[in-house]
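As structure tokens, the structure follows; a few thoughts come after it.
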Amino acid sequence: MRENGKGFCSRSCSKSGVNHPGFGKTGESSFRWVGDKTSYAGAHRRVNRVRGKADHCSVCGATDPSLRYEWASLTHDYANPDDYAAMCKLCHRRFDAESWATGSKHHMAKLTEDIVRECRVRYAAGGITSVDLASEFSVSQSAMWSAIHGVTWKHVA
């Protein structure tokens, strides 16, 4: 900014944003602050800003700098930076997989554990194809084939 308060001394100075009303304001003083309604990515950026970059795994104890470490939300309270634990990518994936809904608990499931057992028994006995079973239970042929052959529904014995 020029001394008289009008115009800029150079093009780079005009693009620096110094005159913007939000310049230098972070956190709750920023005009972009949304509080607890932040996005998933915004919550992770907040954790990195507050707690720094994850550099170890609190599950397996790894500290190898060549590994990738991430912040994993423990209770899905994404707005709270203290709700995260540092984990290596593998432990983070395993941690998240434990909370995934599987089988009939999944919101998109059309089959149940009992239906999968019945279909496996009937298919093994012969005389019926996965296409016939898929039609009978209103699922795709690939979904039925995967359930019968244990590609999906692995937890069903």
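The values are calculated or read from the model by the stated rules, or taken from the named source; none is laboratory data. Since the model is a prediction, treat every value here as computed from it, not as a measurement. Note that we place each Cβ from the backbone using ideal geometry, even for glycine, and neighbour counts take in every protein chain shown.
Out of all the residues in region 87-103, which are part of a helix (DSSP H, G or I) and not acidic (Asp, Glu)?
If we filter region 87-103 for residues that are part of a helix (DSSP H, G or I), which is where we start, we get 89-99, 103.
Selection gives LYS89, LEU90, CYS91, HIS92, ARG93, ARG94, PHE95, ALA97, SER99, GLY103.
Counting just the residues of region 45-81 that are acidic (Asp, Glu) and surrounded by fewer than 16 Cβ atoms within 10 Å (Cβ to Cβ), which one comes out nearest to the chain's Cα centre (by Cα)?
ASP77
May I ask you to list the residues in region 98-157 that are among the charged types (D, E, K, R) and either more than 23 Å from the chain's Cα centre (by Cα) or buried (at least 17 other Cβ atoms within 10 Å of the Cβ) (or both)?
Correct list: LYS110, GLU113, ASP114, ARG117, GLU118, ARG120, ARG122, ASP132, GLU136.
Do the conditions hold for VAL131, that is, is it touching a strand residue (DSSP E or B) at 6+ places or on another chain (Cβ under 6 Å), aliphatic (A, V, I, L, M) and over 28 Å from THR26 (Cα atoms)?
Numbers: touching a strand residue (DSSP E or B) at 6+ places or on another chain (Cβ under 6 Å): no; aliphatic (A, V, I, L, M): yes; over 28 Å from THR26 (Cα atoms): yes.
Answer is no for this residue.
Can you name the number of the only condition in (1) surrounded by 11 or more Cβ atoms within 10 Å (Cβ to Cβ); (2) out of contact with any Leu (no Cβ under 9 Å at 6 or more places or on another chain); (3) under 30 Å from HIS44 (Cα atoms) that ALA85 fails?
It fails just one condition, (2).
From the list ARG117, ARG68, ARG122, exactly one residue is in contact with a Lys or Arg (Cβ under 6 Å, 6 or more places away or on another chain) and basic (Lys, Arg). Which is it?
The conditions single out ARG68.
Going residue by residue through region 93-104, is there one that turns out to be in contact with a helix residue (DSSP H, G or I) (Cβ under 8 Å, 6 or more places away or on another chain), without any contact (Cβ under 8 Å) to a residue 40 or more places away in the chain and not acidic (Asp, Glu)?
The answer is yes; a qualifying residue exists.
Go through (1) exposed (fewer than 13 other Cβ atoms within 10 Å of the Cβ); (2) modelled with pLDDT under 80; (3) more than 20 Å from the chain's Cα centre (by Cα) for SER29 and report which single condition fails.
Looking at each condition in turn, SER29 falls short on (2).
Taking ARG117 and the conditions (1) of a type in the set (D, E, K, R); (2) assigned by TED's automatic domain parsing to the domain that holds ASP132; (3) touching a helix residue (DSSP H, G or I) at 6+ places or on another chain (Cβ under 9 Å), which numbered condition does it fall short on, given that it satisfies the others?
Of the numbered conditions (1) of a type in the set (D, E, K, R); (2) assigned by TED's automatic domain parsing to the domain that holds ASP132; (3) touching a helix residue (DSSP H, G or I) at 6+ places or on another chain (Cβ under 9 Å), the odd one out for ARG117 is (3).
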